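Q: A single structure is presented below for examination.
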Amino acid sequence: METANNPEVPLEGSPYDLRVSLGEKVGELDIRAALESGESGFVHSFTTGSAVDGPGVRIVAWLSGCQFRCVYCHNPDTWKMTNGMPVPLSRAVEQIQKYRHDLQIIKGRLTISGGEPLMQHRFVLKVFAAAKQMGVHTALDSNGHLGDRLSDADLAVVDLVLLDLKAMTPELHKKLTGVDNKQVHEFARRLAAARKSIWVRFVLVPGWTDDMAEVERIAAFAAELGNVERVDVLPFHQMGRFKWEKLKMDYQLNDTKAPSREITEEAIARFRAAGLNAV
Ligand code: SF4
């Protein structure tokens, strides 16, 4: 793919960097070939040293492309796949290899996030397979909607799934994301049947997801799965607002504040009351 192997393009960055049009010169056919082979992918950035995207200190690869349209998304520049930079598999693997020694010393790990990584599931599986060969723990941070793209055999290279549960009530889920949550639940149940570890991620947004009856419904679903090791209640913040402004996108949460400490604690307590390890 054009520009795919350009070492001048810095891969390191933050998910809060605004990145647009980095892969727009890639033709439709090349995009299709990349998705089918997994030999290259579209990457927003690589972050090293994250302590919040899974256990331990992690490298996080943020991929571009997402089929959800979450009203509270803090990375709307990742929605369009070609906003990310085209990166050959070999370069992505080199990136992990670069930190392999440090990762082994500090028992570090790799998380692939997005966007929605399963938009490029073949690329993800190949990167994870390479990481596993290096002895690096792998975590997939996903909204779960495309979970059926992974076979049970594919799950062998995924140590942990960080699964977003955004809402239980289908209408609310649709209002929040534009998409139904049936497939998310199917994927969660499959992971449970395969005894694959899940960390649930729930974003608490005042006026949108802070109805405690709804929080209890999510907690009940998560508890019933039996494989949820931890629940992260993530308080909404405005660090992504500038991206909505720069991209001239309609942002419905302009005036929404972060949830109070009290309401955040209350949500955590509802998850704990269902028997879950919530933080
Ligand atoms: S699933 Fe994640 S990346 Fe996709 S729109 Fe929602 S918050 Fe943004």
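Q: List the residues whose amide H sits under 5 Å from the amide H of LEU22, counting only those 5 or more places along or on another chain, with H placed 1.01 Å from N in the peptide plane.
A: For LEU22, the qualifying residues are GLY84.
Q: Work out from phi, with θ = phi - 60° and the Karplus expression 6.51 cos²θ - 1.76 cosθ + 1.60, the ³J(HN,Hα) of each residue of segment 271-279, listed in order in whole Hz, and give x for Gly and Pro.
A: 5, 5, 5, 8, x, 9, 8, 10, 9
Q: Under a straight-distance cross-link criterion of Cα-Cα below 20 Å, which lysines are reachable from LYS243, leaving out those fewer than 8 residues away in the same chain?
A: Here the lysines satisfying the reach criterion relative to LYS243 are LYS80, LYS257.
Q: Here's a follow-up. Using Cα positions and a limit of under 27 Å, work out the lysines in reach of LYS132, with same-chain residues fewer than 8 apart set aside.
A: Output for LYS132: LYS98, LYS107, LYS196.
Q: Can I ask one more? Could you please rank GLU224, GLU39, placing first whichever residue has the fewest other Cβ atoms within 10 Å of its Cβ?
A: Numbers: GLU224 13, GLU39 16.
The most exposed by this proxy come first: GLU224, GLU39.
Q: Per DSSP H run of n ≥ 4, the term is -39500 (n - 2.57); total these for the chain, divide by its residue number, and report the mean residue ellipticity at 222 nm rounded to 500 deg cm²/dmol.
A: Values: 9 runs with 92 residues, N = 279.
Calculated mean residue ellipticity at 222 nm is -10000 deg cm²/dmol.
Q: Return the unpartnered cysteines for the chain, using a Cβ-Cβ cut-off of under 4.7 Å.
A: Flagged as lacking a Cys partner: CYS66.
Q: Could you give me the ³J(HN,Hα) list for segment 200-210, computed from phi with Karplus coefficients 6.51, -1.76, 1.60 and θ = phi - 60°, whole Hz, x at Gly and Pro?
A: 7, 10, 10, 8, 9, 10, x, x, 10, 10, 9
Q: At 0.36 nm per residue, and after removing the present C-alpha to C-alpha distance, how many nm does the segment from HIS237 to ALA220 gain when stretched out fully? Kindly include the intermediate steps, with their values, before the conclusion.
A: Values: separation 17, 0.36 × 17 = 6.12 nm, distance 2.57 nm.
That works out to 3.5 nm of additional length.
Q: Once both axes come from the Cα atoms, what is the angle between helix 28-37 and the longest principal axis of the chain, in degrees from 0 to 90, rounded to 10?
A: Compared with the principal axis, the helix lies near 80 degrees.
Any read-out appearing in this document is the output of simple, stated calculations on the displayed coordinates, not a laboratory observation. The structure presented is a predicted model; accordingly, all values stated were derived computationally and were not measured. Reconstructed Cβ throughout: ideal geometry from the backbone, glycine too, with neighbour counts over all protein chains shown.
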